[in-house]
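Here's the structure, in structure tokens; my notes come after.
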Amino acid sequence: MRKLLYTLAAAMALAACQKDNVEMPGFEVQTASMTYKAGDTVRFSFQGNPDNITFYSGEPGHNYEFRKRTDAANDLQINFNTWVRFGLIYPNLQLMVSNDFNGKGTTEDVSAATWTDITDRAVFSTGVDQTPSGIVSLKEFTRPVKDSALVYVAFRYTDYKKPQGQNSWVVRTFSANNVSDDGVVTPLAVMSTGGWQKVDFKNTATSWTITSAQLLMANANAAAEDNEDWVISRGFNPWQIAPDVGTALKNISTRLDGHSYVYAKPGTYKVVFEASAVRYNGEKRLTREITLTITP
């Protein structure tokens, strides 16, 4: 038994020693200049041969410091296309938003939530198909990140009994995106992934038809009773953001003496190269940074 304990202790000591013995080859990065024009080719020259090299350009979505970021103070933005036709054409489709809706599709739950009418922030069809709404910002409905309140978007259709009949509305397209202060766009939903649910307040004979391609409220004839129908998206997390990513340039099976890159936009970029040695008994990493100024 004592011999077994000695053997285990020796194995653990050897493993610890092996982990400490993982070596990082020397690695340096240089450029001919620290200032370039937009559209120029920047050549990064390498010295050393680490196992792996990952490149972070410093552009939105590719910042080393944000590689583990999962939340940010985003601007939640939506946009959609609509079409109205038949019957009396008038503005009877409203755009509603809530950050305290519980997500349950009953009239009681919808009525219990606080909904803000932001119809005047979007452009709606007056008879032309595929009328774009423009970008609608919902940033003001963002609560503190620890609150974790979701933001819901709804289209509320209302019409009444009249000789001309009731009109038809189609929401042709829809998209929701988070846009961070540093310009990272995180897609949240399109029409087919909006998680839509319909809630019928009046006249169950007519209601929203939900497909992966569109949201349709069909027209009704002159005998149709007053109608009110909602179609509500799933909740969107306005803090959600995709972590920034780097570009893998090499692995242990290759050798690389440099990397060329073109910056399309002027600005100041913190460029980071992460070099690593990753083995069965451990890993070591180091970074090399260069700040570039890109002029018009």
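Where a number appears in this text, it was derived from the coordinates with a stated rule and is not lab data. What you see is a predicted model, and the numbers here were worked out from it, not measured in a lab. Note: ideal-geometry Cβ built from the backbone for every residue, glycine included; neighbour counts use all protein chains shown.
Values computed for the structure shown
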item: Farthest positive-ward along the chain dipole, Cα basis, beta-carbon charges - from 170, 32, 266; result: 32
item: Candidates 110, 262, 151: whichever shows maximal mean-square fluctuation once the chain is modelled as a Gaussian network with Cα springs under 10 Å; result: 262
item: Charged-residue dipole, Cβ positions (Lys, Arg, Asp, Glu), the range 75-232 about Cα centre, Debye nearest 20; result: 300
item: Fraction of antiparallel bridges per DSSP, the chain only, in percent to nearest 5; result: 95
item: Size-normalised alpha-carbon gyration radius of the range 75-232, reference 2.2 N^0.38 Å; result: 1.05
item: Radius of gyration, Dmax [the range 115-161; alpha carbons; angstrom]; result: 14.3, 47
item: Selection from 221, 103, 149, by position along the positive dipole direction of the range 75-232 (Cβ); result: 221
item: Loop-located GluC sites (Glu not before Pro) in the range 224-296, at most 14 other Cβ atoms within 10 Å (DSSP); result: 225
item: Kirkwood Rh and Cα Rg combined as Rg over Rh, evaluated for the chain; result: 1.20
item: Rg ratio (alpha-carbon, reference 2.2 N^0.38 Å) - the range 79-155; result: 1.27
item: Residue among 214, 240, 77 with the largest mean-square fluctuation in a Gaussian network model of the chain, springs linking Cα atoms under 10 Å; result: 214
item: Estimated [θ] at 222 nm from DSSP helical runs (n ≥ 4, -39500 (n - 2.57)) normalised by residues in the chain, nearest 500; result: -2500 deg cm²/dmol
